[in-house]
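This report concerns only the one structure given below.
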Amino acid sequence: MSEDCIFCKIVAGEIPSDQLYQDELVTAFRDISPQAPVHLLLVPNRHFNDFGEMGDEQGELMGRIAQVAGQLAAQEGVASDGWRFVTNIGAHGGQEVLHTHFHLLGGRPLGPLLAR
Ligand code: AMP
């Protein structure tokens, strides 16, 4: 756990979230400021500042994240129409919270990946 990390505190249950899933590796909850009808965040329980910090020792964790993402997409009703799964890294990537997280977005056509 990293001091003063908001997502570490959500994982630990120290601050509230609209949690949808938790196991020993991964926690998923609704984004507090949704950008789409379905906007979930999937986070590793262990603190990494960003995705680029996670080496090949995190294979089991990444496999679990893929499995949980698919499961939640189905549960949220977006699996058949499609969804987006994205992680932002650093300043140019638009990362605001320094704890690796994956946005699961869907429920409407999401348009191009980047604003033109
Ligand atoms: P990023 O810009 O990729 O770092 O995304 C951070 C995301 O975290 C944003 O979409 C925020 O709305 C979301 N967020 C920040 N604080 C909370 C919180 N307490 N609970 C749920 N989502 C949050």
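Mind listing whichever residues of the range 66-96 are in contact with a helix residue (DSSP H, G or I) (Cβ under 9 Å, 6 or more places away or on another chain), hydrophobic (A, V, I, L, M, F, W, C) and closer than 22 Å to residue 24 by Cβ?
Matches in the range 66-96: 85 only.
Quick check on my filter: what residues within the range 6-19 are in contact with a helix residue (DSSP H, G or I) (Cβ under 6 Å, 6 or more places away or on another chain) and either more than 8 Å from the ligand (Cβ to nearest atom) or under 25 Å from residue 110 (Cβ atoms) (or both)?
17
For residue 19, all conditions in the list (1) farther than 23 Å from residue 84 by Cα; (2) without any contact (Cβ under 8 Å) to a residue 12 or more places away in the chain hold save one; what is the number of the exception?
Only one criterion in (1) farther than 23 Å from residue 84 by Cα; (2) without any contact (Cβ under 8 Å) to a residue 12 or more places away in the chain is unmet by residue 19, namely (1).
Give the residues of the range 38-58 that are out of contact with any strand residue (DSSP E or B) (no Cβ under 7 Å at 6 or more places or on another chain) and within 16 Å of the ligand (Cβ to nearest atom), sorted by residue number. Don't jump to the end; show me each part of the working.
Taking the range 38-58 as the starting set, the residues that turn out to be out of contact with any strand residue (DSSP E or B) (no Cβ under 7 Å at 6 or more places or on another chain) are 46-58.
Selection gives 47, 48, 49, 50, 51, 52, 53, 54.
Checking residue 29 against (1) within 12 Å of the ligand (Cβ to nearest atom); (2) touching a residue at least 60 places away in the same chain (Cβ under 8 Å), which single condition isn't satisfied?
Failed condition: (2).
Scan the range 97-109 residue by residue and report those that are within 18 Å of residue 30 (Cα to Cα) and more than 17 Å from the chain's Cα centre (by Cα). Walk me through how you get there before you give the answer.
Here is the first cut: in the range 97-109, the ones within 18 Å of residue 30 (Cα to Cα) are 97-108.
Hit for the range 97-109 is 108, nothing else.
If I filter the range 59-74 for residues that are within 13 Å of the ligand (Cβ to nearest atom) and touching a residue at least 40 places away in the same chain (Cβ under 8 Å), do I get at least one hit? Spell out how you get there, then give the answer.
Taking the range 59-74 as the starting set, the residues that turn out to be within 13 Å of the ligand (Cβ to nearest atom) are none.
No, the range 59-74 contains no residue that is within 13 Å of the ligand (Cβ to nearest atom) and touching a residue at least 40 places away in the same chain (Cβ under 8 Å).
Tell me whether the range 83-101 contains one or more residues that are aliphatic (A, V, I, L, M) and away from the ligand (no atom under 15 Å from the Cβ). Please lay out each step first, then the result.
To start, the set of residues in the range 83-101 that are aliphatic (A, V, I, L, M) comprises 86, 89, 91, 97-98.
Subset that is away from the ligand (no atom under 15 Å from the Cβ): none.
Taking every residue of the range 83-101 in turn, none turns out to be aliphatic (A, V, I, L, M) and away from the ligand (no atom under 15 Å from the Cβ).
Looking only at helices (runs of 4 or more DSSP H) that lie completely in the range 1-112, which have at least 3 residues being open to solvent by 60 Å² or more (accessible area, probe 1.4 Å) and hydroxyl-bearing (Ser, Thr, Tyr)? If you could, list the steps in order and put the result at the bottom.
Working: elements: 6-11, 59-75, 90-93.
Those helices (runs of 4 or more DSSP H) do not exist here; none qualify.
The values are calculated or read from the model by the stated rules, or taken from the named source; none is laboratory data. Keep in mind it's a predicted model, so treat the numbers as computed, not measured. All Cβ positions, glycine included, derive from the backbone under ideal geometry; neighbour counts span all protein chains shown. Quick note on the areas: whole protein, heavy atoms, side chains included, nothing else; ligands and nucleic acids left out. Shrake-Rupley method; radii C 1.70, N 1.55, O 1.52, S 1.80 Å.
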